[in-house]
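The values are calculated or read from the model by the stated rules, or taken from the named source; none is laboratory data. Since we're looking at a predicted model, the values are computed, not measured. Positions of Cβ are generated from backbone atoms using ideal geometry, with glycine treated the same way; all protein chains shown enter the neighbour counts. Quick note on the areas: whole protein, heavy atoms, side chains included, nothing else; ligands and nucleic acids left out. Shrake-Rupley method; radii C 1.70, N 1.55, O 1.52, S 1.80 Å.
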Amino acid sequence: MHALFTILSVITLIAAANGQAVYQPCPILRAYYPAPTIDKNSKTIQSFTQDFTDLFDQLIAVGGSEDFGPITPNTTSFSVILFSGAENAEEDPVFFEYQHTAIESQEAENVTNNTVFPVGTLTQLFTVYTWLAEIGDESWDAPITQFLPEITAAASISSDFSVNWDKVTVGSLAGHISGIARDSHACTIGTSCDKQKFLDAFASKPAVFLPDTTPMISNAAFQLLAFALESQTSTSFCNTLSSSILNPLNMSQTGLLSNNNKNITTTTTNPKIFGNYIDSSMSGEQPSLSLYTTSNDLARFGHSILSSKLLSASQTRRWLQPIADTSNLRNGVGRPWEVYHAGQYANSSILDVYTKTGAIGQYSSYFGLVPDFNAGFAILAHDTDGIVDLNVYADLVSLALLQLEELAAKEMAARYAGTFVGDDEGSLVVLNVTDEGPGLVVTGLEVNGIDLRAEAADAAGIDLEDLDFRLYPSNVAKDNLQQFMSVFQDRSAPADMGTPTCITWMDTGSVGAGAVERFIFEVDESGMAVGLRLSGKEARFTRQV
């Protein structure tokens, strides 16, 4: 499955529909709004849940959507969840779920969020997470030969097209840019692969590209990572996966497919796989293709990443980054993320969605994280007629993400916008929001009677009437203090072939020492701003209620 996550159609075309405004604010990437509060008991989320339940009910009733396309509800069974990454949601991260059981599935039980599905190449994400939890990311630049020196000896047939294994790094294997062949044809998905058999079959295969050139999927790459893990842990990949990820997260319905019997028994509690028989003796690398799981377990999995439960926060931030582009401008890759860049390039904000898709037999899966909203989603599906295309289901999820964006915008306005009066006479800050884009617009800024907006415009070389002075949230915070950063833009700046360039990341902090670049909000226990400080100024401001 090559799904394109079309969140673009519902998040980014709103501004374009207006047609008349060339100017668009250019926020700093990942600094649009503070992540929204997702409280499943709140009226907002309950209303949200009902609205999207109705949307899915309608999708099933009519067999598709005029906006997104047809589905096959008679043959496709599926489970969809949305989950939060908030620390207080660890025990129950799911805030929306929807399940459907196809009438042709011939299953005695209906799909629930505890129904087990194989997930194919989504397995790769678990393999990389296991590596990070067990070894860390300091080894990304290390050659794979540091962990598997025997691969060089196994590459007995040398040619001009041979892989130079000393140049293939752990990070390139995890990030789809190793340049090696796709499959070994030496393993089966239901058993641990024999290392020597794998190396004999694969080590001498010619390179497709030189390492670190371009993204290409290699299932064999993740088998190499698993062998390298085993060399470091002195235990099987399956055991390390369980001890590092599955057991700490209580993912009791997740494991690797096994050949132990024809009904797909597993390495742990042998749960029943939904749908038809899947041949666990089929060719394929276990660390790339063999995982089974439930939507409930995937919620725990996703929550743990967003909340940095198993990794340090700094490690998580490094992991949730693209490392290369693809030939599609909307898609990049990470380790092993399939990163979707949602947004109108150059003149509007970009929302990165970190996804991993999977397909095996008659099963499809789609997992995604949206760090900006501290939320994620999972879609698991089975079709009696073949692999199901999950685009339509993902499109409905994109509508849900739009709702989270709107929730974040409203919450930021309620918490931070308003009038702040200084302790000294002639000191005032006025913050508003607009429909043009994210951020807090500074419409008034005076300290001791001095207009600091005018000073900032002068320092930036912008006419005051053309100044767009906005604040965007930083992830730097301490105790009850939350930092926002200033961005200065010229509304009259000339367009480049009709498209304003978005380069505020290059300009932040460049206006000069006199400009107020950091706004420090004092917030109460409910998250509401009650006070404000300005970097480099003595003044303190109190929010007027």
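Details
- Residue 398 vs. criteria polar (S, T, N, Q) and within 19 Å of residue 125 (Cα to Cα): no
- Against the test of being touching a Lys or Arg at 6+ places or on another chain (Cβ under 7 Å), closer than 30 Å to residue 252 by Cβ, β-branched (Val, Ile, Thr) and in the same structural domain as residue 389 (by the TED database), the options 80, 116, 111, 94 yield a single qualifying residue, 116.
- Yes/no for residue 454 being without any contact (Cβ under 8 Å) to a residue 60 or more places away in the chain, under 21 Å from residue 492 (Cβ atoms) and of a type in the set (A, V, I, L, M, F, W, C): yes
- Annotation note: Cβ proximity below 6 Å between a residue of the range 177-196 that is at positive phi and a residue that is in a loop (DSSP other than H, G, I, E, B) (sequence gap 6+ or interchain) occurs for 179/207; 179/208; 179/209; 179/210; 179/211; 179/213.
- Within the range 282-319, tally of residues that are closer than 18 Å to residue 242 by Cα, open to solvent by 20 Å² or more (accessible area, probe 1.4 Å), hydrophobic (A, V, I, L, M, F, W, C) and in contact with a strand residue (DSSP E or B) (Cβ under 9 Å, 6 or more places away or on another chain): 1
- Qualifying residue in the range 300-320 (condition: under 20 Å from residue 215 (Cα atoms) and either aromatic (Phe, Trp, Tyr) or assigned to a loop (DSSP other than H, G, I, E, B) (or both)): yes
- Among the conditions (1) touching a helix residue (DSSP H, G or I) at 6+ places or on another chain (Cβ under 9 Å); (2) free of Cβ contacts under 8 Å to residues at least 60 places away in the same chain; (3) in a helix (DSSP H, G or I); (4) surrounded by fewer than 17 Cβ atoms within 10 Å (Cβ to Cβ), the only one that residue 232 does not satisfy is (2).
- Set 317, 335: member being in contact with a Gly (Cβ under 6 Å, 6 or more places away or on another chain) and in the same structural domain as residue 87 (by the TED database): 335
- All conditions in (1) modelled with pLDDT of 95 or more; (2) assigned to a helix (DSSP H, G or I); (3) open to solvent by 30 Å² or more (accessible area, probe 1.4 Å) hold for residue 210, with the sole exception of (2).
- Of 336, 322, all but one fail to be closer than 19 Å to residue 244 by Cα and in contact (Cβ under 8 Å) with a residue 12 or more places away in the chain; the exception is 336.
- Residues of the range 52-106 that are surrounded by fewer than 16 Cβ atoms within 10 Å (Cβ to Cβ), in contact with a helix residue (DSSP H, G or I) (Cβ under 8 Å, 6 or more places away or on another chain) and over 15 Å from residue 392 (Cα atoms): 90 alone.
- Residues of the range 445-498 satisfying the condition of being in contact with a Leu (Cβ under 7 Å, 6 or more places away or on another chain) and among the polar types (S, T, N, Q): 486
- The listed residue being crowded, with 19+ Cβ neighbours inside 10 Å and touching a Lys or Arg at 6+ places or on another chain (Cβ under 7 Å), out of 132, 125: 125
- Any hit, the range 275-285, residues being assigned by the TED database to the domain that holds residue 334, modelled with pLDDT of 95 or more, under 25 Å from residue 369 (Cβ atoms) and in a loop (DSSP other than H, G, I, E, B): yes
- Selection of the range 213-229 for residues being part of a loop (DSSP other than H, G, I, E, B), in contact (Cβ under 8 Å) with a residue 60 or more places away in the chain and hydrophobic (A, V, I, L, M, F, W, C) yields only 217.
- Those residues of the range 312-364 which are farther than 27 Å from residue 27 by Cβ and either under 15 Å from the mean Cα position of the chain (by Cα) or aliphatic (A, V, I, L, M) (or both), in sequence order: 336, 357, 359, 360
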